[in-house]
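The values are calculated or read from the model by the stated rules, or taken from the named source; none is laboratory data. Predicted, not measured: the structure shown is a model, and the values here were computed from it. Don't worry about glycine lacking a Cβ; one is built from the backbone with ideal geometry, like all the others, and counts go over all protein chains shown.
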Amino acid sequence: MEYEPVIGLEVHVQLNTKSKIFCKCSTSFGSEPNKNTCPVCLGMPGVLPVLNKEVVDKAIKVGLATNCAISPKTKFDRKNYFYPDLPKGYQISQFDMPICKKGRIDILLKNKLKSIGLTRIHMEEDAGKLLHGDNLGDSHSSYVDLNRTGVPLIEIVSEPDIRSAAEAKIYLEKLKTILEYVEVSDCNMEEGSIRCDANVSIRPVGQKEFGTRTELKNMNSFRFVQKGIEHEIERQTQVLKDGGMVIQETRLYDSNRDITFPMRSKEEAHDYRYFPEPDLEPVLVDKSWIKRISESLPELPDAKKDRFMTNYGLPEYDASVITSSRSLAHYFEEAAKGVKSPKTVSNWVMGEVMRVLKEDNIEPDQLVVKPVMLRQMLELVESEVISGKIAKTVFEEMIKTGDDPETIVDKKGLVQITDISTIEEEVKKVIEANPKQLKQYKEGKTKLLGFFIGQVMKATNGKANPEVVNKILKAILG
């Protein structure tokens, strides 16, 4: 029997507000343990939460960017559970009246668009963080850092529309791109700004009913999400093939051993004993509030991709890659201003520029070669001052020195040779120095033309105009 995976993702996103959701404590990462705390986020008796309006703004912003309906009335609820890093013994979250509902994210899958439904987006406060002694030189103790307690989160819950681990990764990458575009989070997975849990089940192909699901936790990168889901699909398939039953539970993913293992039995909503938060009024969101947030939205990734294809004539693949990062799209657009061939710019951005960004682990705005410098270099190529091959040398020099391309070309003497008589002289020297290849060419091995072009380019240190070289060689060789 063949099985089909059914996957839904729950993504927690830390919002980039300066203060926490219900108090004025800082949300800064990396502070001394328990420094960014106060009686409110420590859960002291008698304190009252006060909602940070910016959190609601950012939640609405994400909802609008993901095609959600914004609830005109939303409220907060207490989610009760006991854990050492949850000082109140409950988490203020949202249960039956979330801020956003029924959205979607469109992903490109094998050159076809697929919509992944969103069940809801809701606001909540984060819990603290447990630091176990194994990592602190004290194997017998665990410590609690409550700096993260009360940091604002939104939880984005997808419908069970995802059908493979690879599809889950594509969905997460698209979601991250949208979050970066609307600037609600730094999206730093290493610092926990995005955390993902996956609900995974399998069912016989053709069956409508869902199988028993497990929840996967402890996946701190999109690659590990994909690997964890792949492993869980394999595990559940083997359980059913062996005649067993999948148990509904929460499992942890160990990336070092590439295995999942049980953490606890899977909770249902009633296990948390949700009830309305008595210390917070419901939030009423009117049309003017939604309009204000809507008008603040930037051009979103899909719209930008369509515009790049229309205005710059980019292929869909190029436009998809470049608009996958807002800063990369900005870099391209600045570099492409006024150039004759935007496709040449996209080639350089997807090639040399992205190579350096990956090697140095930096963002486009940190690159020493600014967009205007790339544009100036490509204008030198367009005006035949330098060749495309020399341009690569110029680019590397810009990376090393930060000098503008004209300065580098002048200092290094890289101006392209276009004088026909000079190139003709070099061509004749190359032909005379290679009688064997000349004989073979005359006998019909015309592919040797490339050999002769290469030798001329080598003799001129890459400065000869390749088109002129090609034309002269063909004329002389016949």
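Assorted remarks:
- In this entry, Asp404 is excluded by the filter for residues that are surrounded by fewer than 12 Cβ atoms within 10 Å (Cβ to Cβ) and either under 29 Å from Glu333 (Cα atoms) or touching a residue at least 12 places away in the same chain (Cβ under 8 Å) (or both).
This table checks each residue for (1) among the polar types (S, T, N, Q); (2) touching a residue at least 40 places away in the same chain (Cβ under 8 Å); (3) buried (at least 23 other Cβ atoms within 10 Å of the Cβ).
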residue	(1), (2), (3)
Met97	no, yes, no
Ser115	yes, yes, no
Ile121	no, yes, yes
Lys129	no, yes, no
Glu159	no, yes, no
Glu167	no, yes, no
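- Residues located in the stretch 383-401, provided they are closer than 28 Å to Arg326 by Cβ and surrounded by 13 or more Cβ atoms within 10 Å (Cβ to Cβ): Ala391, Lys392, Val394, Phe395, Glu396, Met398, Ile399
- Exactly one residue out of Lys101, Lys88 is touching a Lys or Arg at 6+ places or on another chain (Cβ under 9 Å), surrounded by 16 or more Cβ atoms within 10 Å (Cβ to Cβ), more than 27 Å from Thr177 (Cα to Cα) and of a type outside the set (S, T, N, Q): that is Lys88.
- Checked against (1) touching a Gly at 6+ places or on another chain (Cβ under 6 Å); (2) exposed (fewer than 14 other Cβ atoms within 10 Å of the Cβ), Lys53 passes all but condition (1).
- Taken as a whole, the structure places Arg292 among residues that are modelled with pLDDT of 95 or more and more than 22 Å from the chain's Cα centre (by Cα).
- Applying the condition of being surrounded by 21 or more Cβ atoms within 10 Å (Cβ to Cβ) and aliphatic (A, V, I, L, M) to the stretch 407-422 and asking which residue is modelled with the highest pLDDT yields Ile408.
- Within the set Val200, Val205, Val184, Val151, the sole residue that is in the same structural domain as Lys24 (by TED's automatic domain parsing), touching a residue at least 24 places away in the same chain (Cβ under 8 Å), more than 28 Å from Val40 (Cα to Cα) and buried (at least 20 other Cβ atoms within 10 Å of the Cβ) turns out to be Val200.
- Residue tally, condition in contact (Cβ under 8 Å) with a residue 12 or more places away in the chain, outside any loop (DSSP other than H, G, I, E, B) and out of contact with any strand residue (DSSP E or B) (no Cβ under 7 Å at 6 or more places or on another chain), over the stretch 42-63: 4
- Residues satisfying the stated conditions in the stretch 332-369, i.e. surrounded by 20 or more Cβ atoms within 10 Å (Cβ to Cβ) and within 16 Å of the chain's Cα centre (by Cα): Pro364
- Conditions (1) β-branched (Val, Ile, Thr); (2) part of a strand (DSSP E or B); (3) within 25 Å of Asp302 (Cβ to Cβ); number of the one not met by Val184: (2)
- Counting the residues of the stretch 228-261 that are under 15 Å from Ser201 (Cα atoms) and either touching a residue at least 12 places away in the same chain (Cβ under 8 Å) or surrounded by fewer than 15 Cβ atoms within 10 Å (Cβ to Cβ) (or both) gives 22.
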